[in-house]
Every structure is written in C-alpha cells, then in structure tokens.
Amino acid sequence: MKKITARPYSLRDVPFHYCPGCMHGIAHRLVAEVIDELGVSGRTIGISSVGCSVFAKHYFNVDMIQAAHGRAPSIATGVKRVLPDRVLFTYQGDGDLAAIGIGDFIHTAYRGEKITTIFVNNTVYGMTGGQMAPTTLIGQVTKTTPFGRSVEINGNPIRACELIAPVEGVVYVERVSLHNPKEIIKAKKAIRKAFEMQLNGVGFSLVEALSACPTNLGLSPLEAIKWMEEKMIPFYPLGVYKSPAGVV
Amino acid sequence: MRRFLMKGNDAIGEGAILAGCRHFFGYPITPQSEVTHYLAKRLPEIGGLFMQAESELASINLVFGAACAGARVMTASSGPGISLMQEELSFLAGSELPCVLVNIMRGGPGLGNIGPSQADYFQATKGGGHGDYHIIVLAPNSVQEILDIMKKAFDLSDMYRMPAMVLADGIMGQMMEPVVIDEEKSVEIPPRPWATTGRDYHEDRNEINSLFVILEEMEEVNLRLLHKYEEICAKETLCEEYMLDDAEVALVAFGTVSRICRAVVDKAREQGIRAGLVRPITLWPFPYDVISRTAKSVQCFLAVEMNMGQMFEDIEIGAKGRAPVYHYGRLGGMVPLAKDILEELKKVSERGGTGQ
C-alpha cells in the first residue's frame, strides 16, 4: 500500500482542543507542512497569541513562545534581532492582531521586520465566549452586539490586508480562506510564499486566513461555511494584496 | 583599570556593557533619557544592538523576545513607562525569563514631574503586574555602585531566571562621580538550554510559556516560584549597616537619601546622639533580618524616604513591634535636607521607644 499522506513532522502528535468545524486545525497543518517542505523546522520559532489559538504553542513541533495579548509581533522581533538567521512566525487571531495588538502589528510591519504573520480571522472573539471583534461584520450578532454590529456605535470592521499592504517594508500580503479544499490549496501556497519572502530576507509578510467559528456563530459547521461564502468573503475579498514583482 | 568622571545614567549603560549585555530596547523618558543616548552610541560600536521602540509596551516585549532567544538584554525607563511595562513584567516572571530593567524614578502619580523621587517603591517591590510573583530590586547609592550593581542585576537575573530591576532616582541618574572601571574581568554568561533558539540548537523542542490552565499545574508553578523566592531571600539579601552597634536611633534609607542620612548620622554623633543607618541595597528581598536584629537594640527607627512612607511598611514588618518606626519624607520631587532630617532625628530620639 502506498502512503499518500501523513502527519507533518512539524506538527506534534497531540489532540487539538478546537471545537468541531473550527479551522485552526487546518491552518496549523498548512503552516506545519510548509515548515517541513522548506526544511526549516530546526530553526523555526513560533509565537502563539492569546485567544483560542493560544495552545498552538503546544501543537507545533518547533520551539514555541506564548505571548501576551497582541504582543506576538514585538516578541518575534526581539527573537529575530538576536537570531537573524532563524525563521519566525506569529500565529494570531483577529482579537489579538486587530484589537489589542494592532499597534505592535503596524509598527512591526513599518519596520519591515523579516517575520511572517499568520492571521486567522473568524470575525469573533472565540475563547472569551463570542464577543465582537474589530473584524465583526456590520449587522453581525455577537454577545456584545446583541442587536447586530452598528457603524454608529462600533465603527467599521478592520481589514488587515488592505491596511498593511501599502506599507513600505511589507513585501507579501494575501487573504485566503479555509472554507473548501480549493481555497485550502491556495492558502497553503500563500503561506509558503510568505515564509519564502522571509527566507529571502526581504521583509514582513502576512497571510490572512478567513475561518469560521461555528460555536460562537451558533451555526453548524456546514452552515458556517455557507455563512462565510455569503457574508464574509464579499466583505473580505480574497487575493494577493501585495507581492514583489515576479512573484505571483 | 581606568578612572573616569561619569554620569549615573551613563554608568547604567556602561555597567550593562561590562556585564555582557549587547541588546537594549527602550524608549526615551526623562530623567532616564541619557541611558538611551549612551547605549545608542556605545552598543553599535561593540557589535551590539540598540533599538528604540514605539512605546514602553513594545520595548518590554522586544526584551521578552530577546530573552527568549537567550540574550542578555535590558531596558530602562521611568515611572510612567515602567507602569506600561507591568503587563509584560508579570509575563516575564511567569515565563521565568531573565532580563534587567532600570527605573530612574520621578515624581508622581500620573505624569507627575521629572524631579527625583522614590515613589515607585511599592510598584517595584510589591508586584505592579498581576499574579503571584516577585522581581529582584537593587538600589545603588553612588555612580560606582551603579556600575557594579548592573553586573549583579544581570547575574542574579540569570541565576534565578527572573527579571531584576535597578531602582534609582533622577539624582542618581544625573549626578557625576569618579568611577573605576576594571576591564580585566571577563564576563561569563551562563548557558541557556531552555531558550527558544530553534530545535537544531538544543535538545528536543523548547516552549516558553506562562499559561497553566490545569489548576494543580498552576499551583505547582506557583510553589516552584515560591521556593525560588524563599531561596533568594535567604541568600541574596544585601544591606549596608553604619554605626549600628551602639545606636539608639536607626535611620533607614536607600538610594540618594541614604547618602544624606549617612552625613546626618555623623552630625548627630558629633552632637552626642547615638544614631546609626540601615541601608537596604536589595529592596526585594528586603533585609527584614537586619531590621529585626536592630529592633532589639535601638529605641526607634526613622525611615527617611522621598515618598509618603512606602519602605516604612517593610521596616514595620521587620521591627515586629519591638521598636516604633517613624517616617520622614519629602514628596513631589523634593529631596530631604540634612538639617531637616537631623531635626526629625532629634525629635524621635526624644520620643524614643515610647511610640508616641
């Protein structure tokens, strides 16, 4: 019998704690596969954020650091400045990156820090029980927007890719989605490119991966995927937002 | 051996370099800014890295990252900036990472002013951040001692894998004094097998973490920290005692004020008052034992501080009610004058052990 797939070496053989239908597991696997393919697992250091993905520190088979809320890009910078030949990635959710940590995120991008940020956006705070995130859609019901998010009260959702793409020092920005196999294949290519940019030493790279939180959306996993297609992707268009010439 | 006339803030920078520190992340704030000026020039000269962050919050997180990577790393700030760093200080303690912070204190609360002060004693010695933790706090009282204590701070921080703070005030930072630099000594930085430097560079994988969701596991971590803190209290307490043997009144002071108090002790002795001085050099661990022992022989203590009575509380804990503790403090960036301390000393020596 031919073995066609296996657990990536860079992912430890431990059970995930994620809810059914959560796409963190997919994102973890894609990152781990890319680390394997690039052959950098021995010199990669990951920084996990606060929120549902905080346990990422436990799942990757590379050195891992657990950061305080939003601070992963600064911590990654500190490591990279001491060890410039290492591969650094931050793994952050929308609450972590776009709310409390947006200052760290923007300044790290402006410094053109040679790190890669994997940003998983599911438009809601997962771990604290389904409250509004900066990425929550207008009209979306959460625990703290029970009547739907309104522009008047809460302002507009933050689009991280559009925000960061024009910044000098940022070399690669792509928004992908994890809701079907076709998009997952594209997502992996994007993550690989983002890591390659770092290995080439050209600057900061970001991959935003759209994801669903069925638990806090109050939907079944299948309904959540439909919700992503109908509501989320139209507001957060997929595609490459920045790429150096010659890289597609 | 070289002799220099050196400013306190420059001595912080040079002391760090002599201690083998090659990474500094910081943000300017008065009266500490010269630390950043000095290191911005000196570190690149010797192949180190100086980096100005966008805020104190970012500074301490850059320090966190560099510490994870195994560097001897530091930052420096003043009260308002140190307040911003408290979140990460708790995370550094929880993750058991070594690093050195310098707080050149100024008047507060709030934006306060840039006058010298000792108003951050509570914040430095009683936590500041959330959770059950301590950091090592060292309080030098001369430019030479600043130079030497930087090395001590890095060594203790490394040995016990926890943050250490050098706590001084605007006068310490700004004053110039002759110093001797002994460059012969080579610095040995202990290996860091726990650092997240990439799995190829150490055995197995390393994880730096302060998250323990299982209650029993958290308690285990807390107990391990507690035992470490107990060990530090037993082994690392530093205190200078001056003329205490036959003293009837013991002044207690640290940093800038301790210098004035030493002169006051001499003056009081000339006038026939048997005064002495306890100068804590480590504020955490606090020299409770010295206070406790002194409490048996003196009639009373007089705490002299540039705050409203913060170390005063630790002296009371150490005295255990055996001798009354009085307090004399100047606030708002004001420095106590020798003649005023002497007057206060006379007053309390008359009241003696009556506690009135």
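The values are calculated or read from the model by the stated rules, or taken from the named source; none is laboratory data. Small disclaimer: the values here were computed from a predicted structure and weren't measured. Don't worry about glycine lacking a Cβ; one is built from the backbone with ideal geometry, like all the others, and counts go over all protein chains shown. What goes into the accessible areas is simple: the full protein's heavy atoms, side chains included, and nothing from ligands, DNA or RNA. Shrake-Rupley method; radii C 1.70, N 1.55, O 1.52, S 1.80 Å.
List residues of the range A:138-158, by number, whose backbone nitrogen lies under 14 Å from a label position 7 Å along Cα→C-beta of A:E230.
Within reach of a label on A:E230: A:140-141.
Within the P(r) computed for the protein assembly as shown, what percentage of the Cα pairs occupies the region above 37 Å?
41 percent
Checking the cross-link filter: which lysines have an alpha carbon closer than 27 Å to that of B:K126, excluding same-chain neighbours under 8 positions apart?
List returned: B:K151, B:K152, B:K228, B:K235, B:K296, B:K320.
Hey, what's the per residue convex hull volume over the C-alpha atoms of the range B:159-216, in cubic angstrom?
It comes to 194 Å³ per residue, whole-number rounded.
Mind listing the phi-derived Karplus ³J(HN,Hα) values for the range B:271-282, rounded to whole Hz, using 6.51, -1.76 and 1.60 with θ = phi - 60°, and x for any glycine or proline?
Per-residue couplings from phi come out as 8, x, 9, 7, 10, x, 9, 10, 10, x, 9, 8 Hz.
Just how much of B:W194 is accessible, in Å², when a 1.4 Å probe is used and the result is rounded to the nearest 10?
Result for B:W194: roughly 40 Å² accessible.
On average, how much accessible surface per residue is there in chain A, in Å², for a 1.4 Å probe, leaving out ligands, DNA and RNA?
Value returned for chain A: 39 Å² of accessible area per residue.
Given a Förster radius of 30 Å and the C-beta distance between A:K2 and B:E203 as r, what FRET efficiency does 1/(1 + (r/R0)^6) yield to the nearest 0.05?
E(calc), rounded to 0.05, equals 0.30.
With a 10 Å cut-off between alpha carbons and a GNM built on chain B, which of B:F212, B:F25, B:F91 moves the most?
With Cα springs under 10 Å in chain B, the top fluctuation among B:F212, B:F25, B:F91 is at B:F212.
Taking 30 Å² as the minimum loss, tell me which residues in the range A:86-103 lose that much accessible area going from the chain by itself to the full protein complex (1.4 Å probe).
Buried by the other chains: A:R86.
In a shell of Cβ-Cβ distance under 13 Å around B:M306, excluding B:M306 itself, what net charge do Lys and Arg (+1) and Asp and Glu (-1) give?
Taking every other residue near B:M306 into account, the sum is -1.
For the range B:118-277, I need the span (max minus min coordinate) of the C-alpha atoms along each principal axis, in Å, sorted largest to smallest.
67, 42, 28
Shape call for the range B:32-92 from the C-alpha gyration tensor, a ≥ b ≥ c root eigenvalues: rounded (a/c under 1.5), prolate (a/b greater than b/c) or oblate?
Oblate, because a/c is 1.5 or more while a/b does not exceed b/c.
For the range A:1-148, what % of the accessible area comes from carbon and sulfur atoms, probe 1.4 Å?
61 percent
Counting only Cα, what are the radius of gyration and maximum Cα-Cα distance Dmax of the range B:1-68, in Å?
Taking only Cα atoms of the range B:1-68, I get Rg and Dmax of 12.2, 38 Å.
If you take every DSSP beta bridge whose two residues both sit in the protein assembly as shown, what share of them, in percent to the nearest 5, is antiparallel?
Within the protein assembly as shown, antiparallel bridges account for around 25 percent of the total.
List the residues, sorted by chain then number, that are 5 or more residues from A:I65 or on another chain and whose placed amide H is less than 5 Å from its amide H.
Distant-sequence amide H within range of A:I65: A:G46, A:I47, A:S48, B:I208.
Keeping the other protein chains in place, figure out the carbon and sulfur percent of the accessible area of the range B:149-255, with a 1.4 Å probe.
53 percent
If you count, for every residue in B:195-206, the Cβ atoms of partner chains within 10 Å of its Cβ, what is the mean?
Partner-chain Cβ atoms within 10 Å, mean over residues of B:195-206: 6.
Considering only protein heavy atoms, what per residue accessible area in square angstrom results for the range B:92-205 with a 1.4 angstrom probe?
39 Å²
Let me see the P(r) profile for the range B:1-159: every Cα-Cα distance counted, bins of 10 Å, each bin given as a percent of all pairs.
With 10 Å bins starting at 0, P(r) equals 11, 43, 38, 7, 0.
Per residue, how much accessible surface does the range B:229-350 expose to a 1.4 Å probe? Answer in Å², no decimals.
42 Å²
Of all accessible surface on the range B:15-91 at a 1.4 Å probe, what whole percent is carbon and sulfur?
Summing carbon and sulfur atoms, their accessible area is 56 percent of the total for the range B:15-91.
Taking beta carbons within 10 Å but only from partner chains, what does the mean come to for residues A:51-64?
3
Can you pull the percent of Cα pairs in chain A with separation above 32 Å?
15 percent
At a 1.4 Å probe, which residues in the range B:56-83 are at least 20 Å² less accessible with all protein chains present than in their chain isolated?
So the qualifying set is B:L57, B:N61, B:L62, B:F64, B:G65, B:A69.
Taking the Cα centroid of the range A:53-99 and of the range B:69-128, what is the distance between the two, rounded to the nearest whole Å?
Each part's Cα centre sits 23 Å from the other's.
Charges only on Cβ, +1 for Lys and Arg, -1 for Asp and Glu: so what's the dipole of the protein assembly as shown about the Cα centre, in debye to the nearest 20?
With Lys and Arg at +1 and Asp and Glu at -1, about 1180 debye.
Mind checking which lysines have their C-alpha under 25 Å from B:K339, skipping anything on the same chain fewer than 8 residues away?
The qualifying lysines are B:K267, B:K347.
Taking all protein chains together and a probe of 1.4 Å, list B:R42, B:R2, A:R7 from the most accessible to the least accessible.
If we order B:R42, B:R2, A:R7 from most to least accessible, we get A:R7, B:R2, B:R42.
Determine the order of A:R43, A:R175 by accessible area, beginning with the largest, at a probe radius of 1.4 Å.
A:R43, A:R175
Return the tail of the calculated pair distribution for chain B, meaning the percent of Cα-Cα pairs more than 40 Å apart.
Everything past 40 Å amounts to 14 percent.
Name the residue from B:C68, B:V179, A:V120 whose Cα lies farthest towards the positive end of the charge dipole of the protein assembly as shown, charges +1 on Cβ of Lys and Arg and -1 on Cβ of Asp and Glu.
The residue sitting most towards the positive pole is A:V120.
At the nearest 100 Å², what buried accessible area, both sides summed, do you get for B and A when the probe is 1.4 Å?
Interface area, both chains combined: 2800 Å², rounded to the nearest 100.
Simple spin-label model, 7 Å along Cα-to-Cβ: B:F4 to A:K186 in nm?
5.9 nm
Note the count of lysine pairs whose C-alpha atoms are less than 21 angstrom apart in chain A, limited to pairs 8 or more residues apart or on different chains.
Lysine pairs satisfying the spacing and distance rule in chain A number 20.
Step by step: find N for the range A:1-55, compute 2.2 N^0.38 Å, then divide the Cα radius of gyration by it. What's the final number?
So the Cα radius of gyration is 1.25 times the expected 2.2 N^0.38 Å.
Taking the mean number of other Cβ atoms within 10 Å as a proxy for protection, how do you rank B:128-136, A:187-195 from highest to lowest?
The peptides rank, most packed first, as A:187-195, B:128-136.
How many Cβ atoms of partner chains, on average, are near each residue of A:39-48 if near means within 10 Å of its Cβ?
4
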